[in-house]
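Novice: I'd like to ask you about the structure that follows.
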Amino acid sequence: MSGSRLIGTGSALPRRIVTNAELAERVDTSDEWIVARTGIRQRHIAGDDETTSTLAIAAARAALADAGVDAASIGLIILATATPDNTFPATATKVQAALGCNGGVAFDVAAVCSGFLYALAAADSLLRTGMAKRALVIGAETFSRILDWEDRTTCVLFGDGAGAVVLEAPSDDGDTRGIIGTRLHADGDQHDLLYVDGGPSTTQTVGHVRMRGQEVFRHAVVNLSAVLREVLEDTGLRPEDLDWVVPHQANARILDATARKLGIAPEKVIVTVDRHANTSAASVPLALDVARKDGRIKAGDLVMLEAMGGGFTWGASLIRM
Ligand code: ACO
């Protein structure tokens, strides 16, 4: 029996687009530097009336419409975010209330940029136990609210957005679609390479993103290529069997280097970092939705999702669409 099936995707972006040229008016940077080092050309930034929950709700509604199912059938909502509306309650409960499907399970997952992979694995596991029949798995972020807009080494890298998928519990009807294999990892020793310098229990402030970029880059390529290999080995598949890779959109150079290490053709890698920048937990489901809606990812395709983020945390999940 395959794992849970992905039956719909959706996404949402803030209205306002901020170009590299606009950022160059605020900090000492340039479009040329940002494009050459990261591949990013623009990002969407939330306005005053846009929050992590409003983006998550819009993405969730789009995913439900795409799946053609009613919100009332959703018994589980897992929302990955590092930028919740409030410290508590979970932003997932706000999504639940907005969709009008109260009574099921709803909680947030904090694994930063790999949060969606963690949330997907948790949802797949809970669906397999019979906890619910259908789940919404959402990655949603307003990272712009935790950026130090004076720090050119971080503020140019991130954007806001949300992506969502509808997952259905596996059944033994012989259908081979669904989640085939997943691996997750964390290494708490690497805390200081990428973190936020605030929080309720330490500074009682929200804090700002701090990062040692070059070291994060090096770890990302090593960890991501290793976890992709693990999932391929688990499932008895080779890199050339993959139809698509949907990576966390941190930096075009990380995407290129990881694909090269595994011998995956660059044209099989979905890239949205140029338009969305790094939207943390939202980046994988956003890119997945873009590539499904533009017709590249089709039913039956073999798709590898992968991400790494602060913690460090990282993971990969292989899905037959
Ligand atoms: N504009 C212009 N110059 C800049 C900027 C900027 N925005 N930012 C840094 N610089 C300068 C630095 O100050 C440095 O100047 P110096 O040589 O005078 O000291 C120079 O550019 C080179 O800096 P490096 O840090 O060596 O540049 P690098 O090539 O490593 O690129 C980057 C920096 C883009 C951050 C890269 O290290 C990276 O992408 N790392 C991965 C980080 C990442 O993706 N984090 C996201 C979260 S984790 C994840 O999602 C996997």
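Novice: Residues being part of a helix (DSSP H, G or I) and either under 30 Å from residue 86 (Cβ atoms) or of a type outside the set (A, V, I, L, M) (or both): count how many of those fall in the range 221-245. Full working, then the answer.
Specialist: We begin by selecting, within the range 221-245, every residue part of a helix (DSSP H, G or I); these are 221-235, 239-241.
Filter once more, so that each one left must be either under 30 Å from residue 86 (Cβ atoms) or of a type outside the set (A, V, I, L, M) (or both): 223, 225, 229-230, 233-235, 239-241.
Of the residues in that region, 10 qualify.
Novice: Same structure, new question: Exactly one condition in (1) touching a His at 6+ places or on another chain (Cβ under 9 Å); (2) under 30 Å from residue 14 (Cβ atoms); (3) surrounded by fewer than 18 Cβ atoms within 10 Å (Cβ to Cβ) is not met by residue 196; state its number.
Specialist: Going through (1) touching a His at 6+ places or on another chain (Cβ under 9 Å); (2) under 30 Å from residue 14 (Cβ atoms); (3) surrounded by fewer than 18 Cβ atoms within 10 Å (Cβ to Cβ) one by one, residue 196 breaks only (3).
Novice: Still on this structure: For the range 95-114, which residues satisfy the criterion of being over 22 Å from residue 205 (Cα atoms) and assigned to a helix (DSSP H, G or I)? Lay out the reasoning, then the answer.
Specialist: Step one: of the range 95-114, the residues over 22 Å from residue 205 (Cα atoms) are 95-107, 114.
Hits for the range 95-114 are 95, 96, 97, 98, 99, 114.
Novice: Just the residues that are away from the ligand (no atom under 12 Å from the Cβ) and part of a helix (DSSP H, G or I), please, taken from the range 260-281.
Specialist: Hits for the range 260-281 are 260, 261, 262, 266, 267, 268, 274, 275, 276.
Novice: Return yes when residue 95 is outside the structural domain of residue 273 (by TED's automatic domain parsing) and either within 18 Å of residue 10 (Cα to Cα) or in contact with a Gly (Cβ under 6 Å, 6 or more places away or on another chain) (or both) and no when it is not.
Specialist: On the way: outside the structural domain of residue 273 (by TED's automatic domain parsing): yes; either within 18 Å of residue 10 (Cα to Cα) or in contact with a Gly (Cβ under 6 Å, 6 or more places away or on another chain) (or both): yes.
Yes, satisfied.
Novice: Of the numbered conditions (1) modelled with pLDDT of 95 or more; (2) surrounded by fewer than 17 Cβ atoms within 10 Å (Cβ to Cβ), residue 82 fails exactly one; give the number of that condition.
Specialist: (2)
Novice: Is it true that residue 238 is open to solvent by 60 Å² or more (accessible area, probe 1.4 Å) and touching a helix residue (DSSP H, G or I) at 6+ places or on another chain (Cβ under 7 Å)? Quick ask: steps written out before the conclusion?
Specialist: On the way: open to solvent by 60 Å² or more (accessible area, probe 1.4 Å): yes; touching a helix residue (DSSP H, G or I) at 6+ places or on another chain (Cβ under 7 Å): yes.
The answer is yes for residue 238.
Novice: Only residues that are closer than 23 Å to residue 58 by Cβ and touching a Cys at 6+ places or on another chain (Cβ under 9 Å): list them for the range 285-308, please. It would help to see each step written out before you state the result.
Specialist: Taking the range 285-308 as the starting set, the residues that turn out to be closer than 23 Å to residue 58 by Cβ are 285-297, 305, 307.
Selection gives 307 alone.
Novice: Additional query: Out of the residues in the range 122-153 that are polar (S, T, N, Q) and surrounded by fewer than 20 Cβ atoms within 10 Å (Cβ to Cβ), which is nearest to the chain's Cα centre (by Cα)? Outline the logic, then answer.
Specialist: Residues of the range 122-153 that are polar (S, T, N, Q), as a first pass: 125, 129, 142, 144, 153.
Still in the running and surrounded by fewer than 20 Cβ atoms within 10 Å (Cβ to Cβ): 125, 129, 153.
Details: 125: 18, 129: 24, 153: 22 Å.
Going through the qualifying residues, I end up with 125.
Novice: I'd like to check something: does the range 14-30 contain any residue that is closer than 30 Å to residue 217 by Cβ and within 19 Å of the chain's Cα centre (by Cα)? Steps first, please.
Specialist: Step one: filter the range 14-30 for residues closer than 30 Å to residue 217 by Cβ, giving 14, 16-30.
Still in the list and also within 19 Å of the chain's Cα centre (by Cα): 14.
Yes, the range 14-30 contains a residue that is closer than 30 Å to residue 217 by Cβ and within 19 Å of the chain's Cα centre (by Cα).
Novice: Within the range 159-170, work out how many residues are surrounded by 24 or more Cβ atoms within 10 Å (Cβ to Cβ) and either farther than 26 Å from residue 45 by Cβ or within 16 Å of the ligand (Cβ to nearest atom) (or both).
Specialist: Kept after step one, since they are surrounded by 24 or more Cβ atoms within 10 Å (Cβ to Cβ), are these residues of the range 159-170: 159-167.
Applying the additional criterion that residues be either farther than 26 Å from residue 45 by Cβ or within 16 Å of the ligand (Cβ to nearest atom) (or both) yields 159-161, 163, 166-167.
Within the range 159-170, residues that are surrounded by 24 or more Cβ atoms within 10 Å (Cβ to Cβ) and either farther than 26 Å from residue 45 by Cβ or within 16 Å of the ligand (Cβ to nearest atom) (or both) number 6.
Novice: Could you identify the single residue in 52, 87, 38 that is under 10 Å from residue 142 (Cβ atoms) and either open to solvent by 60 Å² or more (accessible area, probe 1.4 Å) or outside the structural domain of residue 284 (by TED's automatic domain parsing) (or both)? Please lay out each step first, then the result.
Specialist: Details: 87 fails: under 10 Å from residue 142 (Cβ atoms); 38 fails: under 10 Å from residue 142 (Cβ atoms).
Result: 52 is the single residue among 52, 87, 38 that is under 10 Å from residue 142 (Cβ atoms) and either open to solvent by 60 Å² or more (accessible area, probe 1.4 Å) or outside the structural domain of residue 284 (by TED's automatic domain parsing) (or both).
Novice: Got at least one residue in the range 302-313 being more than 15 Å from the ligand (Cβ to nearest atom) and open to solvent by 50 Å² or more (accessible area, probe 1.4 Å)? Write out each step before concluding.
Specialist: Restricting attention to the range 302-313, the residues satisfying the condition of being more than 15 Å from the ligand (Cβ to nearest atom) are 302-304.
Those still in the list that are open to solvent by 50 Å² or more (accessible area, probe 1.4 Å) too: none.
Taking every residue of the range 302-313 in turn, none turns out to be more than 15 Å from the ligand (Cβ to nearest atom) and open to solvent by 50 Å² or more (accessible area, probe 1.4 Å).
Novice: Which of (1) within 16 Å of the ligand (Cβ to nearest atom); (2) open to solvent by less than 10 Å² (accessible area, probe 1.4 Å) is the odd one out, the single condition residue 291 does not satisfy?
Specialist: Checking residue 291 against (1) within 16 Å of the ligand (Cβ to nearest atom); (2) open to solvent by less than 10 Å² (accessible area, probe 1.4 Å), the one that fails is (1).
Novice: So how many residues does the range 1-17 have that are charged (D, E, K, R) and either closer than 16 Å to residue 121 by Cα or at pLDDT below 95 (or both)?
Specialist: To start, the set of residues in the range 1-17 that are charged (D, E, K, R) comprises 5, 15-16.
Add one more test, that the residue is either closer than 16 Å to residue 121 by Cα or at pLDDT below 95 (or both), and what stays is 5.
Counting residues in the range 1-17 that are charged (D, E, K, R) and either closer than 16 Å to residue 121 by Cα or at pLDDT below 95 (or both) gives 1.
Novice: Among the residues of the range 199-218, count how many are part of a helix (DSSP H, G or I) and either open to solvent by 40 Å² or more (accessible area, probe 1.4 Å) or not assigned by TED's automatic domain parsing to the domain that holds residue 242 (or both). Before you say what the answer is, go through the steps one by one.
Specialist: Initially, the range 199-218 is screened for residues part of a helix (DSSP H, G or I), giving 213-218.
With either open to solvent by 40 Å² or more (accessible area, probe 1.4 Å) or not assigned by TED's automatic domain parsing to the domain that holds residue 242 (or both) added as a condition, the list becomes 214-215, 217-218.
So the answer is 4.
Novice: Looking at this structure, is residue 23 part of a helix (DSSP H, G or I), hydrophobic (A, V, I, L, M, F, W, C) and surrounded by 22 or more Cβ atoms within 10 Å (Cβ to Cβ)?
Specialist: Values: part of a helix (DSSP H, G or I): yes; hydrophobic (A, V, I, L, M, F, W, C): yes; surrounded by 22 or more Cβ atoms within 10 Å (Cβ to Cβ): no.
Answer is no for this residue.
Novice: OK, next. Going by the conditions given, is residue 19 among the polar types (S, T, N, Q) and within 16 Å of the ligand (Cβ to nearest atom)?
Specialist: Spelling it out, residue 19 is indeed among the polar types (S, T, N, Q) and within 16 Å of the ligand (Cβ to nearest atom).
The values are calculated or read from the model by the stated rules, or taken from the named source; none is laboratory data. Values in this document were obtained by computation on a predicted structure and should not be read as measured data. Note that each Cβ is placed from the backbone with ideal geometry, even for glycine, and that neighbours are counted across all protein chains shown. Areas reflect the complete protein model, heavy atoms only, side chains present, ligands, DNA and RNA absent. Shrake-Rupley method; radii C 1.70, N 1.55, O 1.52, S 1.80 Å.
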